[in-house]
Amino acid sequence: MKIRAITLRILRQFIHDKRTMALMFIAPLLVLSLMSLVFNGNAYKPNIGLTGGAAIFSSALEAQDAAVIDFPTAEQGEAALKDGDIDALITLEGTSPAVKLEGSNPTANRAVLLALQEAVLQLRPSGSAQEQIQPAVSYLYGAEDMTTIDRFGPIMIGVFVFFFVFLIAGVSFLRERTTGTLERLLSTPLKRWEIVIGYVCGFGIFTVVQALLISWFSIQVLGIMMAGSFGYVLLITLLLAITALTLGTLLSAFAGNELQMIQFIPLVIVPQIFLSGLFPMDTLPLWLQRVSLGTPIYYGAQALMDIMIRGKGWSAIALNAYVLVGFSLLFMVLNVLALRKHRRM
């Protein structure tokens with residue numbers, strides 16, 4: 001009888017908590033649907049540039065579903081490679097092709113080399129006993145011995161910084177509200193924007209330390225590839241942390257307890273991880289690629305890859321940095337508006 005009473009109480013508690021019920025049954029379906037779209041995306045089709053005598057490979061490469069672009073000069077091809085417009089540039093040195101890979105994406109590298117290998121076989125005379133031509137391969141960024149952690153490390157640094165700051169900030173700000181501290185502050189002459197700035201600065205000190213620790217540990221201890229400036233890495237991780245901080249405090253206004261705050265993770269964090277660049281964005285549906293443009297982690301991950309793998313500077317990451325600043329300011333404004341619901345009449 002006692003067990004039955006406890007069981008009924010738990011059932012009533014869940015039934016009356018509409019948000020928990022929705023997240024328990026709907027959130028897994030949304031995440032699984034997103035996983036299906038990501039993992040069942042189209043095969044990666046490389047963009048390959050040709051220059052000079054390498055144009056003879058054009059038809060054979062197109063037969064391998066590669067997008068081929070002919071460049072009048074090698075300089076134009078090099079510029080396109082640096083801008084990320086193509087995945088590789090092929091030139092002809094004697095009778096052997098020379099391939100220069102962009103190098104930052106192992107999936108693209110493999111697709112280019114496989115397409116070129118098939119193209120060479122197609123152009124080889126039928127019945128020829130001649131040894132297969134081996135292309136000379138070089139890398140613009142990265143190297144042949146580039147490991148998996150080198151490729152995904154920059155993205156995961158951004159993901160970990162964002163995730164932990166979001167969770168800790170949201171739960172901490174929620175505790176401020178449930179213990180009555182926030183209500184007491186709202187009853188003082190302090191303006192709402194002053195309260196928001198104060199909380200962001202207070203929590204922000206710890207996010208600075210966390211971002212510095214994660215970045216330093218990943219690069220110096222784990223040995224993740226670092227081709228650019230550590231200062232820029234720290235800047236981007238700090239911007240990501242502030243964005244996560246302001247988003248966490250914003251969403252905590254709509255949570256009644258720590259459990260409800262944690263329930264935001266599958267809806268807010270998990271989709272951003274899938275759309276951060278862990279998987280080639282070109283293989284995803286167009287509408288899903290556009291959704292990624294509205295997620296902060298995407299911009300942080302792209303900037304960190306530009307710095308750590310490609311060794312680029314401020315001109316390459318400026319737009320991503322400004323977008324993260326914009327996200328932070330937007331969430332801060334929404335935080336100010338959200339505090340209205342907590343001000344006693």
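Ordered by packing density, taken as the mean number of other Cβ atoms within 10 Å over each peptide's residues, highest first, how do 282-289, 206-213 rank?
Working: 282-289: 14.2, 206-213: 16.6.
Output ranking for 282-289, 206-213: 206-213, 282-289.
For segment 280-345 and segment 53-83, compute the distance between their C-alpha centroids and round to whole Å.
Result: 33 Å between the Cα centres.
Set the Förster radius R0 to 41 Å, insert the Cβ-Cβ distance between ARG12 and VAL209 as r into 1/(1 + (r/R0)^6), and round the FRET efficiency to 0.05. Walk me through the numbers before you get to the answer.
Values: r = 44 Å, r/R0 = 1.07.
It comes out at approximately 0.40.
Which helices, taking whole DSSP H runs in the chain, have alpha carbons extending 30 angstrom or more along the helix axis plus mean Kyte-Doolittle at least 0.5?
Counting only whole DSSP H runs, the qualifying helices are 148-178, 192-216, 230-252, 314-338.
Between ILE242, ALA74, GLY180, whose Cα lies farthest towards the positive end of the dipole of the chain when Lys and Arg beta carbons carry +1 and Asp and Glu beta carbons carry -1, centred on the Cα centre?
Most positive-ward Cα: GLY180.
Can you work out the FRET efficiency for the pair ILE3 and LEU121, with r the C-beta to C-beta distance and R0 = 56 Å, to the nearest 0.05?
0.20
Is it possible to state the helix-based mean residue ellipticity at 222 nm for the chain, with each DSSP H run of 4+ residues giving -39500 (n - 2.57), the sum divided by total residues, to the nearest 500 deg cm²/dmol? What is it?
Calculated at 222 nm, the ellipticity per residue is -19500 deg cm²/dmol.
So for the chain, Kirkwood radius off the Cα pairs, Stokes-Einstein at 4 °C and 1.567 mPa s: how many µm² s⁻¹?
The calculation lands on 56 µm²/s.
Starting from the residue with the highest accessible area, list TYR322, TYR141 in decreasing order, probe 1.4 Å. Please list the in-between numbers first.
On the way: TYR322 140, TYR141 30 Å².
Result, largest first: TYR322, TYR141.
Would you mind working out the magnitude of the charge dipole of the chain relative to its Cα centre, with +1 at each Lys and Arg C-beta and -1 at each Asp and Glu C-beta, to the nearest 20 Debye?
Numbers: 24 positive and 22 negative charges, 568 e Å.
So the dipole magnitude of the chain works out to roughly 2720 debye.
Ignoring trypsin sites (Lys or Arg not before Pro) that are buried or in helix or strand per DSSP, and keeping those with at most 12 other beta carbon atoms within 10 Å, what is the longest stretch of the chain between them?
So the longest stretch without any such site is 1-190.
Rg and Dmax of segment 207-277, using alpha carbons, in Å: what are they?
14.8, 45
Along its principal axes, what span do the Cα atoms of segment 209-326 show, with the longest given first and each in whole Å?
That gives 44, 37, 27 Å along the principal axes, largest extent first.
The values are calculated or read from the model by the stated rules, or taken from the named source; none is laboratory data. Note that the coordinates shown come from a computational prediction; the quantities given were computed from them, not determined experimentally. Positions of Cβ are backbone-derived with ideal geometry, glycine not excepted, and every protein chain shown enters the neighbour counts. Protein only, heavy atoms only, side chains kept; ligands, DNA and RNA dropped before computing areas. Shrake-Rupley method; radii C 1.70, N 1.55, O 1.52, S 1.80 Å.
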